[in-house]
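Every number here is computed from the coordinates shown, using simple stated rules; none is lab data. Only a predicted model underlies this, so the values are computations on that prediction, with no experimental measurement involved. Cβ placement follows ideal geometry from the backbone for every residue including glycine, while neighbour counts extend to all protein chains displayed.
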Amino acid sequence: MANHQRILAFENGFNFRDLGGYRTIDGESLKWNNLVRSAHLSYFTHNEQRKLYGYGIRTIIDFRSTSEVAFYPDQLTSLMNYIRIPVFENDLTESNISIAEARKSFSKDPQAGFNRMMEVYCQFVTDEKAQEAFHTFIKKLCLHSAQGGVLFHCSAGKDRTGLGAIYLLSLLQVPVDIIYQDYILTNKASTKRIKERLRYAIKNNLGDNYLHSIYDLSTANRCYYDQAISLINNKYGGMTFYLKDVLQISDSMVEQLRYLYLTK
């Protein structure tokens, strides 16, 4: 049996995770090397680009806004198929906010970062632009696996990417406890980046309020997850109805996903 790893190591990237091996409620498993989630690929070296290609990835789906991509474009081999599906026109998650901007916005209230994220997770679920983007994401997954594996990402790989993974794993009938475990694994897979942001704040005496907020902006949180799931349950009648009626994921699309990405 191959020695597969959940968290993939890249020196100039973080939060890379293969979704392979997750078992569904009917005993099937997601294929390895087919679906990878991550943060941005803006600092990838040529060697890392080749490593990702060698891992089997052929298509990159980027959830970031136009401004994020302009400032931090992915560094990819020309052999990759690159698809942009912006979830929002702007980076509402503040994943790449500058220190100066963050200090202005998040130094007065220790709950500012947390409250910002709670608001954003509501928008993930209710915003029509976001709903359309996640529909397109699932549609693209149905079309591009024949070319090889698919990697999907945003800036930090935790919020937009996290919701995309929640919807995808739900469609593939992965148990909800496993879906949550995958969501919160961001914190382990992003440890280096989180510590770097906190160390900078401490070193530059940016204050406790800022420190609290930058931590809340940089991490996955059970409260954020519950915010989205509770809204889906209470406003839309549950995940099944949300995926079918709001995201407009058809039965044929689900069958195609299961055919492409699951194995006995």
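Please compute the net charge surrounding Gly149, taking Lys and Arg as +1 and Asp and Glu as -1 over other residues with Cβ under 12 Å from its Cβ.
+2
Angle between the Cα long axis of helix 222-236 and the longest principal axis of the chain, 0 to 90 degrees, nearest 10?
With rounding to tens, the tilt is 60 degrees.
Would you mind calculating the gained length between Tyr43 and Ile178 on full extension (0.36 nm times residue separation, minus the Cα-Cα distance), in nm to one decimal?
Result for the pair: 45.6 nm of gain on full extension.
What's the extension gain from Asn33 to Cys122 if we count 0.36 nm per residue and subtract their Cα-Cα distance?
28.9 nm
Under a cut-off of 20 Å between alpha-carbon atoms, report the aspartates and glutamates in cross-link reach of Lys51, not counting same-chain residues fewer than 8 places apart.
Excluding near neighbours in sequence, the set is Glu11, Asp18, Asp62, Asp74.
Angle, helix 208-218 long axis vs. longest principal axis of the chain, Cα atoms, 0 to 90°, nearest 10?
10 degrees
Which entries in the list Lys140/Lys264; Lys129/Lys192; Lys188/Lys235; Lys195/Lys235; Lys139/Lys264 go over 27 Å, if you measure between the two C-alpha atoms of each?
Lys129/Lys192; Lys188/Lys235; Lys195/Lys235
Mind checking the dipole of the chain: about its Cα centre, +1 per Lys or Arg Cβ, -1 per Asp or Glu Cβ, Debye to the nearest 20?
720 debye
Based solely on its DSSP helices, what 222 nm [θ] is calculated for the chain when runs of n ≥ 4 H residues each add -39,500 (n - 2.57) and the sum is averaged over all residues, nearest 500 deg cm²/dmol?
-15000 deg cm²/dmol
What is the helix-to-structure angle for 251-261, meaning the angle in degrees between its Cα long axis and the longest Cα principal axis of the chain, kept from 0 to 90 and rounded to the nearest 10?
90 degrees
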